[in-house]
Amino acid sequence: AAVFMFWRRNRWHERPERVLRGLELACLFLGFVWATPVAAALTMDQGKLLFPIIGLVLAVLGIASTSLIRVPTGAVIYLAMVSATVASALYRGVEDYNFLATMVCVIYALVLIGITINSHLDFLRRSRAEIEVQRQSEVVKLLLNDFERDAQDWLWEADGQGRLTYFSPRFAEVLKETPEHLLSRPLRNIFADHAVNEEW
């Protein structure tokens, strides 16, 4: 919430690189803040609470990796710090199965890091595809505007039900209709209304 307030107040949205660096530093700080008490709790408690604490920590790691998907570097920093702390505490603290517990923690962290990076790459692919579609749409619109400006033809486009979704100014001019009145009307109705018009 604090990052969002500063973002809006200081116009950080105009400086995305600085925002990302700030978020990565915040992830580093949060990783340190979260890892220190967790390590202390794991080294002090050898009893029944050890595995619930580990379960809680791993659940929080999963939630954090999901929350930080748009900042993959920050997510990797956070996950690496906390999971390394938990893994080292497990290796030192668990007498039986310390290697197995440590490996489970490390593998879990690596899976979360892989999911985070994969999700971010998927987001980047979708963003690039959307940008390309938008660029192509703008090129088509420019070409259509050039053609429309230089031609006296009536251009229109209709949807699957025959309702007008686009038409050239010349189309509305010949029909002596306002664009608002023509838009979304079925072509069949427009043709019927203007069948007696000589220009038509």
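FYI, it's all coordinate maths here, none of it is from the lab. Source: prediction; values computed, not measured. As a convention, Cβ positions derive from the backbone with ideal geometry for all residues, glycine included, and neighbour counts pool all protein chains shown.
Stretching Arg18 away from Val139 to a fully extended chain increases their span by 40.3 nm, per 0.36 nm per residue minus the current alpha-carbon distance. Each label was represented as a point 7 Å from its Cα along the Cα-to-Cβ direction; for Tyr91 and Ala40 these points are 2.3 nm apart. Annotation: amide H-H contacts under 5 Å for Ala158 (H modelled 1.01 Å from N, sequence separation of 5 or more, or interchain): Thr165. With the simple spin-label model, which puts each label point 7 Å out from Cα in the Cβ direction, the Asp146 to Thr178 separation comes to 3.4 nm. In order along the stretch 129-134, phi translates into HN-Hα couplings of 5, 5, 5, 5, 4, 5 Hz, rounded to whole numbers, per the Karplus curve 6.51 cos²θ - 1.76 cosθ + 1.60 with θ = phi - 60° and x for Gly and Pro. Backbone amide hydrogens, once placed in the peptide plane, bring Arg185 within less than 5 Å of Leu164, excluding anything fewer than 5 places away on its chain. Note on Arg170/Ile131: beta-carbon distance plugged into 1/(1 + (r/R0)^6) with R0 of 35 Å gives a FRET efficiency of 0.60. Convex hull volume of the Cα atoms of the stretch 111-185, normalised per residue: 113 Å³. Pairwise Cα distances in the stretch 50-185 exceed 22 Å for 62 percent of all pairs. Which shape class, rounded, prolate or oblate, goes with the stretch 93-146 when its Cα gyration tensor gives a ≥ b ≥ c as root eigenvalues, a/c under 1.5 marks rounded, and past that a/b bigger than b/c marks prolate? It comes out prolate by the Cα gyration axes. The string of couplings for the stretch 102-118 from the Karplus curve (6.51, -1.76, 1.60, θ = phi - 60°) is 5, 5, 4, 5, 5, 5, 4, 5, 5, 5, 5, 5, x, 4, 4, 5, 4 Hz, one whole number per residue in order, with x for Gly and Pro. Would you please give the FRET efficiency between Phe99 and Thr66, computed as 1/(1 + (r/R0)^6) with r the Cβ-Cβ distance and R0 = 45 Å, to the nearest 0.05? Efficiency computed from Cβ-Cβ geometry: 0.95.
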